[in-house]
1. Just checking, which of L410, L398, L431 is of a type in the set (A, V, I, L, M), over 25 Å from V192 (Cβ atoms) and either open to solvent by 50 Å² or more (accessible area, probe 1.4 Å) or in contact with a His (Cβ under 8 Å, 6 or more places away or on another chain) (or both)?
2. Regarding L448, is this residue closer than 19 Å to Y287 by Cβ and without any contact (Cβ under 8 Å) to a residue 12 or more places away in the chain?
3. Hey, could you check segment 266-313 for residues that are over 22 Å from G462 (Cβ atoms) and of a type in the set (D, E, K, R) and say which is farthest from the chain's Cα centre (by Cα)?
4. Considering only residues that are more than 16 Å from Y99 (Cβ to Cβ) and surrounded by fewer than 20 Cβ atoms within 10 Å (Cβ to Cβ), which ones fall in segment 138-154?
5. Among the residues of segment 60-85, which ones are closer than 14 Å to Q339 by Cα and aliphatic (A, V, I, L, M)?
6. For T208, only one of the following conditions fails: (1) in contact (Cβ under 8 Å) with a residue 40 or more places away in the chain; (2) within 33 Å of the chain's Cα centre (by Cα); (3) exposed (fewer than 14 other Cβ atoms within 10 Å of the Cβ). What is its number?
7. Please work out which residue is nearest to R312 (Cα to Cα), limiting yourself to segment 35-59 and to residues that are under 47 Å from the mean Cα position of the chain (by Cα) and small (G, A, S).
8. Check off (1) more than 14 Å from the chain's Cα centre (by Cα); (2) buried (at least 18 other Cβ atoms within 10 Å of the Cβ); (3) of a type in the set (A, V, I, L, M, F, W, C); (4) under 23 Å from V282 (Cα atoms) for L426 and give me the number that stays unchecked.
Amino acid sequence: MPAILATMVLALGTLFGAPVQAAAASATAVAPGDKLCSLEEWTARGLDECIKRLQEVSAARVQCLSAPNPAAPDSGLGGWFVSKPTWTTGADGSSYLLYSEYGYAGYDYTTYDINCVQTVMHPDYKLENTIANGEFMLAAGIVGVSNALRERAWAPDEMWGWADPLVEKATTALYKQVFSVFGVITLAVIGVYLLWRSRQAQMSMALTTVGWALLVMVGVTAIASWPVQSAKAADSTLVSVLSVVHDAVGPRAQAPTVCDDTTPGACEDKRPPAVRAGDTAVQALLYRNWLRGVLGSADSETAKKYGPALYRAKSLSWDDVAAIQDDSSRRDGIIRAKQSDWMKVAEQIKTEDPEAYEYLRGTKGMERIGAGFVAILSAFCYAAFDIVASLLVLLGFLIIRWAVIAAPALGTVGLLRPASAGLRRLVNSVLAALFNVLIFGTGAAVYLFAVDLIMSTSSLAGWLQVTLVLLCGVVGWILLRPYRRITQLGGGSSGTSLLTARPSAPAVSSPNERTPTTVVAPGSTSSTTVPEARPELAVSAEDPAAVVRAEARGGAEPVRTETWRSPDVPESSPAYAVYRPATVPHQAATRAEARTEPTTEPAQRAERRSETWAERS
């Protein structure tokens, strides 16, 4: 009996069990979302594995679809500033290192799934997409300028390699043709100057002049002997200091989620800090705004799940470009594979989120224009401070190289200490450049670290993130502006003042220079300026009555200063009078009448003279 029951159970399982499993399997293959990657699996398993699980697009459906052609990393306005990376990212294809792997490729909009639509698409859609593409081109250009300048400012070896022959040849030529020839004449002038000043018996002054000449000779000769090494020594010192700062407060490295290479260190993030900051900026400013125009939102589950796959299908990575350059026959295969991935992902979006699919088709043109405008605004707010800081750092490194070239020419005259103003200004400019590189390099690192934290905080709204980034740039400029004044690149302050943080001495006027003097009358608040007064004696009017009252009270003797003042005693009648006809009214009138009447005084004087001579004779 038990054997019969077991046989019946097995028979029932054979008849009814297999069809049920087949039906379940067929339902699994067709049902959307089942056996597909979840949001966490898209990040953990990688894009390739999750795209393979998507259903293939039928041949009839493919006839109505036209997937966009993938763009190169150096395409568009932003691509003009990008260069091929020389580092390893350690990425596996599922990471978000968009800038390091894809440059500025793919940040434009296209229409999709409109070839088989019964109704004709409105012509405004294509115009709106064109306007949005222009906006994203400008935004990518702004971000590209910021990233390119930062990468060159933080890596002077790559930036100034072209200047090494210029520095070496120009410095050597000036040393041989100028310093070696005219420096002898300057030394002869120094000898004559010391002989002439020896009459004053100032030993300290003579030693200072000789020591200064020796210092300039040794310094100029050392710079001319190793011009490139001198510039690179300054570069290495600054870069070593900035590297410590960038590693401490710079953008953080990102570890890959999946690493198939078992070689130690193969998947480590070896991007420089400047490139890590570029990845953060591109993802936050360009990629997220691009998603808002493609899928309607950058924070929805659809955008988080399928956004990276759409972008990868629309862009060529640096590895893809290298593979095509090595073997041009692989070009069509790579492009067709990316277009197939785009269509498979788009079909899945159509099934899961029809509203996002309308954005993908391109029917929401005004929303794409708005996303492009936000991208321009965000790029400007981010790049304003970063571009200025990078330019000042680059200018500092350039001043160091020009100072090396100009040292032999200015040192020729600067051997004579009284004529060393030009050499001193050159040294002050170099010190100012060093301060600028350190201060603004550190400020830029802190600013980028703050931007990284702001953009990675998902609880902050997009507009609030842009506002905070702009405020961080304004605060950084306000805080660093006093240092920019102290360390002016023109070298207006002395090197000692820069090192000791003391203000420069005010200009002292010459004793023989006449300066205007203000005279204040007693009991008056107005002043009168005397333009030709002597500078060493200030003229002031003093009230005599106040002095008498002070002496009557028995106070202390008032302090006397070397100033012109009124007498302490009342004025008396003068013992003489000055005859000024123009000041007396009746005399002036009489004089005027006398001028109008003919006078006989000359004739009378002639008669008296003749009579006198007659009597004497």
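1. Result: L398 is the single residue among L410, L398, L431 that is of a type in the set (A, V, I, L, M), over 25 Å from V192 (Cβ atoms) and either open to solvent by 50 Å² or more (accessible area, probe 1.4 Å) or in contact with a His (Cβ under 8 Å, 6 or more places away or on another chain) (or both).
2. Criteria not met by L448.
3. R312
4. Taking segment 138-154 as the starting set, the residues that turn out to be more than 16 Å from Y99 (Cβ to Cβ) are 138, 153.
Result: L138, single match.
5. Result: V62, L65, A67, A71.
6. Just one mismatch for T208, condition (2).
7. Per the stated criteria, the residue is G46.
8. Checking L426 against (1) more than 14 Å from the chain's Cα centre (by Cα); (2) buried (at least 18 other Cβ atoms within 10 Å of the Cβ); (3) of a type in the set (A, V, I, L, M, F, W, C); (4) under 23 Å from V282 (Cα atoms), the one that fails is (4).
The values are calculated or read from the model by the stated rules, or taken from the named source; none is laboratory data. What you see is a predicted model; the values in this text were computed from it and never measured. Glycine also receives a Cβ, built like all others from the backbone with ideal geometry; neighbour counts cover every protein chain displayed. Side chains are part of the model used for accessible areas, which takes the heavy atoms of the whole protein and leaves out ligands, DNA and RNA. Shrake-Rupley method; radii C 1.70, N 1.55, O 1.52, S 1.80 Å.
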